[in-house]
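The structure under discussion appears below in the form of structure tokens.
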Amino acid sequence: MMAWTMINAIHQVHCCAHQKPTSVTTTLDQFKSQLLSSIQPFVSNLHKISIKLQVPGGMIKKTSTELLDACTDSVFQFMDHPSHPSQSNFGPVEEMGEPVNVNDIQGTIPNGFTEGVYIRNGPNPLFGGLKTTKSIFGRSSHIWVEGEGMLHAIYFKKETDGRWTVSYNNKHVETDTFKMEKQRNKPSFLPAIEGDSPAILSAYLLNLMRFGTVNKLLSNTSVFEHSGKVYSSAENHKPQEINIRTLKTLGNWDVDKSWNRPFTAHPKKAPGSGELVMMGVNAIKPFFEIGIISADGNKLVHKADLKFERCSLCHDIGVTMRYNVILDFPLTIDLLRLVNGGPLIKYNKEGYARIGVMPRYGDGDSVKWFQVKTCCVFHLINTYEDGDEVIMWACRAKNSIIPGPDIGLNKFEWFSRRFKQECDTDFSADESFISQAYEWRLNMKTGEVKERYLTGKSHSIDFPMVNENFVGLKNKYGYAQTVDLDASSISGMAKYGGLVKLHLEDTKQQDYVKTEYHKFPPNTFCTGSAFVAKSGGLEEDDGWLIAFVHDEQLDISRAIIVDAKKFTSEPVAIITLPHRVPYGFHGAFIPLTL
């Protein structure tokens, strides 16, 4: 009934578009009021249904679907996001179709390098780029982290004579909604995260009625391996299993139908057991559930509602030998806030922040919570146990780069200003995106918390990684990408102009840990860095960092291999690619017997 009421209201407002402005305004105001009052009980009772529930076949007849499409197309106008010239390599590319051999290699792929696949995920929007819609209800827009996922992969195979064969391929992650929109061959899903409240709520309902889901299922953030299988993932849906050799999408991974909610982009393998620890956040209760998947990937062996009182936009989770480490920071999703005219996603710098430590198979009552200074954390470097303390290392900022400015503010200026170095001269600027490595020491016996910066303010870093053999264990080294603040300020988007190696046990440099920097040539930036452990390596930093880089002056994309032990030296190999690789998110190196 609400669906037809909405269709009729849309039709009435649209049909009166040629009437006098006062009539249009009155009708629109009436509809907005009706829409918001209708949505209130719907949102309040969302816990009784799944917001991502697939609409059963036959529930919406073909004629109704066509009517909904016609109403949507007549009311909502899609527009491309404006693009600054310095943002050109954030733009999408076409699929290759087939892998291509790569012969332009400067230097040498080192002895001991592992046969396998370096693969990186990232947004590659269909139909030219991210969109904004304009309608009688206002505007709604994609935010910068949206866009269908595309995998970029380099395959390393060592021949019997010792020569390396290198090839490159790319392919979209074909989620259910990717296939729906691809089949229509035009923008169809209405943006439903950022914008005017009535426009977002209208998008919610129309997307749900037309496609069975509120938002597109993007799968654009990370790639991970578990029990020999490879998955693409993002926060808003289940992972997609990927054929690593062809990059073909094999379908949703729901852990034998036992996991029916979103799934973190950063699950962690528990040290010792090899079980996969993950979590899923949702905009309706239960807001946060943790899950543990068996080492063979076939069974969900534990699941618990941690009884969150808000939907924190948690992006990462930590593990130690005995514990899971949970983040609850004040970047939140709030449907009622949206209904009341506020933003769906908001970072509250006055809100509380806490870190939870729970036994591996604990429940909501077993979590020991530690109140910490308010901040924004997306990515962990590592977590481990040290006596009575649980140590958490992460990249910490005073503000959130997601989702962006409130509607009506200049988006480019808003992002640009927060990347400027002078915005954070003493670690106290609440608006700054500048992110440093940070340490929390959580005493499980006394409840005491000790916090400190691990790195100074001369560099901003993010997208950290460690040798995966040391996840959840005490480690000596961490690695991350360094933000080029000048280039990021000019483009209004984060650009990473180098890599950093953190010597986490060496604190001789003005109370900060020792850092080494590998800086790229001018106008060259990276994404998706990953650590490749040396075959038979004996030390934690026996290995290399591999990353996609793009030379913006020449418009050439490459992959570089940097020796972790000779970190400041030139790359040992530079692989020029036959295809542009846009900037993206997380990468992984997956050893394979090809």
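Numbers for the structure displayed
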item	result
Segment 431-457 residues that are free of Cβ contacts under 8 Å to residues at least 60 places away in the same chain and surrounded by fewer than 17 Cβ atoms within 10 Å (Cβ to Cβ), paired with ones that are in a loop (DSSP other than H, G, I, E, B) and not small (Gly, Ala, Ser) (beta carbon under 6 Å, 6 or more apart)	Glu431/Asn399; Asn443/Asp388; Lys445/Asp388
Near pairs, Cβ below 7 angstrom, 6+ apart or cross-chain, from segment 353-375 (within 20 Å of Val301 (Cβ to Cβ)) to any residue that is surrounded by 19 or more Cβ atoms within 10 Å (Cβ to Cβ) and polar (S, T, N, Q)	Met358/Asn324; Arg360/Asn324
Odd one out for Leu250 among (1) open to solvent by less than 20 Å² (accessible area, probe 1.4 Å); (2) hydrophobic (A, V, I, L, M, F, W, C); (3) under 16 Å from Gly228 (Cα atoms)	(1)
Matching entry among Ala234, Ala192 (being open to solvent by less than 40 Å² (accessible area, probe 1.4 Å) and either of a type in the set (Val, Ile, Thr) or at pLDDT 95 or above (or both))	Ala234
Matching residues, segment 492-542, being under 30 Å from Leu592 (Cα atoms) and exposed (fewer than 13 other Cβ atoms within 10 Å of the Cβ)	Gly536, Leu538, Glu539
Matching residues in segment 475-495 - criterion: being more than 19 Å from Val145 (Cβ to Cβ) and in a loop (DSSP other than H, G, I, E, B)	Asn475, Lys476, Asp484
Candidate set: segment 366-380, residues that are in contact with a Gly (Cβ under 9 Å, 6 or more places away or on another chain) and open to solvent by 10 Å² or more (accessible area, probe 1.4 Å); chosen: the one farthest from Lys450 (Cα to Cα)	Val367
Filter pass, Thr108 being polar (S, T, N, Q), loosely packed, with under 14 Cβ neighbours inside 10 Å and touching a residue at least 60 places away in the same chain (Cβ under 8 Å)	yes
Sole exception among (1) under 26 Å from the mean Cα position of the chain (by Cα); (2) closer than 23 Å to Leu344 by Cβ; (3) of a type in the set (Val, Ile, Thr) for Ile136, by number	(1)
Number of positions in segment 460-474 that are of a type in the set (S, T, N, Q) and assigned to a helix (DSSP H, G or I)	1
Subset of segment 521-539 that is assigned to a loop (DSSP other than H, G, I, E, B) and without any contact (Cβ under 8 Å) to a residue 40 or more places away in the chain - its residue that is farthest from Phe419 (Cα to Cα)	Leu538
Among (1) outside any loop (DSSP other than H, G, I, E, B); (2) open to solvent by 10 Å² or more (accessible area, probe 1.4 Å); (3) over 22 Å from Thr527 (Cα atoms) - the single one Ser140 does not satisfy	(2)
Selection from segment 114-137 of residues that are open to solvent by less than 10 Å² (accessible area, probe 1.4 Å), in a loop (DSSP other than H, G, I, E, B) and modelled with pLDDT of 95 or more	Asn121, Gly122, Asn124
Total residues in segment 219-231, condition in contact (Cβ under 8 Å) with a residue 24 or more places away in the chain and either open to solvent by less than 20 Å² (accessible area, probe 1.4 Å) or among the aromatic types (Phe, Trp, Tyr) (or both)	8
Unmet criterion (only one of (1) among the hydrophobic types (A, V, I, L, M, F, W, C); (2) at pLDDT below 95; (3) more than 21 Å from Ser222 (Cα to Cα)) for Cys314	(3)
Count - residues of segment 308-323 that are open to solvent by 10 Å² or more (accessible area, probe 1.4 Å) and of a type in the set (Val, Ile, Thr)	0
Residues satisfying the stated conditions in segment 342-393, i.e. under 30 Å from Ile200 (Cβ atoms) and touching a helix residue (DSSP H, G or I) at 6+ places or on another chain (Cβ under 8 Å)	Gly342, Pro343, Leu344, Lys346
Condition met for Lys268 (surrounded by fewer than 22 Cβ atoms within 10 Å (Cβ to Cβ), modelled with pLDDT of 95 or more and either within 30 Å of Lys346 (Cα to Cα) or of a type outside the set (Ser, Thr, Tyr) (or both))	no
All positions within segment 324-365 that are touching a strand residue (DSSP E or B) at 6+ places or on another chain (Cβ under 6 Å), among the aromatic types (Phe, Trp, Tyr) and open to solvent by 20 Å² or more (accessible area, probe 1.4 Å)	Tyr347, Tyr361
Restricting segment 144-171 to residues that are closer than 22 Å to Glu235 by Cα and open to solvent by 10 Å² or more (accessible area, probe 1.4 Å), the residue that is modelled with the highest pLDDT	Lys171
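The values are calculated or read from the model by the stated rules, or taken from the named source; none is laboratory data. Because the structure is predicted, anything quoted here is derived from the model rather than measured. Quick reminder, even Gly has a Cβ in these numbers, built from the backbone with ideal geometry, and neighbours come from all protein chains shown. Accessible surface is based on the protein model in full, side chains and every heavy atom, while ligands, DNA and RNA are left aside. Shrake-Rupley method; radii C 1.70, N 1.55, O 1.52, S 1.80 Å.
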